[in-house]
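Quick notes on the structure that follows.
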Amino acid sequence: MAKNLVAVIDIGSLTARLKIYEVGSDGTPKEIETVRMFTSLGTRSYLAGVIEPEQLDEICDCLRSFDIKCKEYRITRVLCVATSALRDARNRDVIVEQIRIRTGFRIEVIDNSMERFYQNMAVRERMPEFKNLIKEGTMILDIGASSLQATVYDKSDFIFSQNMVLGSLRIYEMLSDLQSKTTHYEDVLQEFIAQDLDDYHAVEPKGIVYKSLVAFGGELGFMKRLLDLVPNENSVITKADFLRVYDYLFNNGPQDLSLNDHIPTNIAPLLLPSAMIIKNMLEYTGVDTIYLPQASLSDGIIYNYCSKYSGYKLSMKPEDDLIRAARNVAKRYKSHKKHIEFVENTAMDIFDASAKITGLTGRDKLLLRISAILHETGKYVHEREHNEAAYALIKYTDLIGLNSEELDVIALVVRLYPKQNPYETNFYQKLNPAKKVLVSKLTAILRIADALDASHKQKSKSVTVQLNPESLHIVCNSDSDMSFEMWSFEHRSGLFEEIIGIRPELRIRRTI
């Protein structure tokens, strides 16, 4: 029986990596070979802002080598992604097309949210103790070349996540010119990192009692090596272990690390910035144990692929973290908790009842749910134009697990739902046809759900929704005067009939 082999190619800022996995009968992926090639992609693109011809040649050479390896294994399914170095380049679309023409590889440039989503999935699946750890305060540091993602769990719940432009390579590139101008470069480095992390601490939820710190990133395998640990295995170290390697990095320059410890020359300058980030968070959390899992972007991508197409059962549902993240955003912006819960639940009921005629998918349902949770965040900024404010807030919010297109759909739904005629807005008219249809359908549902609690008093004790041949029948059981809600429903239900093609009808059933 032929083996089920899948390859994942990750074009990062410092390395291009090919991982080949065998997918078992139960959908579990097993890594069978890894090929890594160092590149100068991030080193130069962060400064220039574009991918230059020499770098394009470098990427294509790597991909051609990987293609030979894939053909050796007779692999037909190759997942190829690129991260920040390509993502932040002004000419990325041209470069992606050039790569396709020259190598045949179609690269998906994933945004920060999806990159962190895959990384977090890899950690969860590769760390057997993860579920137990997050029962108490746990901070997870995803230290990338271009940015840092800090994520907090407590009481087994996702609490908070924040991205900072504080990646090891970006720090080094920004401050490298200072090395020749000061004898206190390490002190300046510490100040620079501490300033950005202080901004993070200002917005981080308070009251978390931390028990664990989890850190991972491309350079941490080399730190493990300095501690005589196996780089490609999960490790647990004490605070004293870490401080020992930190002092060693602080007192030995990149050239010493390359000569004495055989650290690659493009990696050696990045170890100290990474260690300083961990040290700062170690002092802040006060924990004594650091978990260093062996988890990569490629691992997260293959686990996600296997869960979708091969029957692999993930240890945790990724959608749960996304919903909790949205709730925390709503809480941060002082949204009316009972109102958004009512609107969320009612929107889900309407979605389920009308699913046969809307053509919407399970993923669309998730986007509607997030829209309902976030639909009042803008009132924190502006009461009258809250939908415009909410659009801006959502667009600049990192919700791990949503790509930029999905986040834009949510922001547009929240922006449009109070509008009497969303078709008249310029930003709606500029959407492509498929996106117009999706945004219109989700907006129509949210409008009705919000109208049924127009007073924000949750007068309906229960809501039932039933699809009839000629109408969507909605019954609200209430012992209060629902005149305001009925008026709001009459003014907001027309869009649903226009978009979905069936008339919504509201009936109030009096309860004693």
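The values are calculated or read from the model by the stated rules, or taken from the named source; none is laboratory data. Bear in mind the structure is a predicted one, so any value in this text is a computation, not a measurement. Neighbour counts run over all protein chains shown; Cβ positions are idealised from the backbone, glycine included.
Screening Ile68 on (1) surrounded by fewer than 20 Cβ atoms within 10 Å (Cβ to Cβ); (2) aliphatic (A, V, I, L, M); (3) closer than 18 Å to Val50 by Cβ shows it passes everything except condition (3). Of all residues in the range 485-512, those being surrounded by 14 or more Cβ atoms within 10 Å (Cβ to Cβ) and either at pLDDT 95 or above or closer than 23 Å to Asn421 by Cα (or both) number 17. Looking only at the range 116-155, residues that are among the hydroxyl-bearing types (Ser, Thr, Tyr), in contact with a Lys or Arg (Cβ under 9 Å, 6 or more places away or on another chain) and at pLDDT 90 or above come to 3 in all.
Look at the range 137-153: where a residue is without any contact (Cβ under 8 Å) to a residue 60 or more places away in the chain and a partner is aromatic (Phe, Trp, Tyr), sitting 6+ places away or on another chain with Cβ atoms under 7 Å, you get Val152/Phe160.
Test of understanding: among Ser13, Ser25, which residue is part of a loop (DSSP other than H, G, I, E, B), surrounded by fewer than 18 Cβ atoms within 10 Å (Cβ to Cβ) and polar (S, T, N, Q)?
Numbers: Ser13 fails: surrounded by fewer than 18 Cβ atoms within 10 Å (Cβ to Cβ).
None of the others qualify; the one that does is Ser25.
Selection over the range 399-436 of residues that are among the charged types (D, E, K, R) and farther than 23 Å from Thr361 by Cα gives a count of 3.
Residues in the range 388-417 that are more than 13 Å from Ser335 (Cβ to Cβ) and part of a helix (DSSP H, G or I): 16 in all.
crowded, with 19+ Cβ neighbours inside 10 Å and on the phi < 0 side of the Ramachandran plot: is that true of Leu56 in this structure?
Numbers: crowded, with 19+ Cβ neighbours inside 10 Å: no; on the phi < 0 side of the Ramachandran plot: yes.
No, not satisfied.
From the list Ser113, Ser65, the one residue that fits, being farther than 18 Å from Ile302 by Cβ and at pLDDT 95 or above, is Ser65.
Name the residues in the range 127-166 that are assigned to a helix (DSSP H, G or I) and out of contact with any helix residue (DSSP H, G or I) (no Cβ under 6 Å at 6 or more places or on another chain), would you? Step through it out loud before you land on a result.
As a first pass, look at the range 127-166 and keep what is assigned to a helix (DSSP H, G or I): 130-133.
Passing the criteria: Lys131, Asn132, Leu133.
Can you spot a residue in the range 296-306 that is in a helix (DSSP H, G or I), surrounded by fewer than 22 Cβ atoms within 10 Å (Cβ to Cβ) and outside the structural domain of Glu204 (by TED's automatic domain parsing)?
The first filter runs over the range 296-306 and keeps only residues in a helix (DSSP H, G or I), leaving 297-306.
Retained after the next criterion (residues that are surrounded by fewer than 22 Cβ atoms within 10 Å (Cβ to Cβ)): 304-305.
Going one step further and asking which of them are outside the structural domain of Glu204 (by TED's automatic domain parsing), we end up with 304-305.
Yes, the conditions are met somewhere in the range 296-306.
Restricting Thr464, Thr443 to those that are at pLDDT 90 or above, of a type in the set (Ser, Thr, Tyr) and in contact with a His (Cβ under 9 Å, 6 or more places away or on another chain) reduces the list to Thr464.
Of all residues being hydrophobic (A, V, I, L, M, F, W, C), crowded, with 16+ Cβ neighbours inside 10 Å and part of a helix (DSSP H, G or I) in the range 74-102, which is modelled with the lowest pLDDT? Just the residue, please. Selected residue: Ala85.
From the residues in the range 231-259 that are acidic (Asp, Glu) and surrounded by 13 or more Cβ atoms within 10 Å (Cβ to Cβ), which one is farthest from Glu186 (Cα to Cα)? Per the stated criteria, the residue is Asp241.
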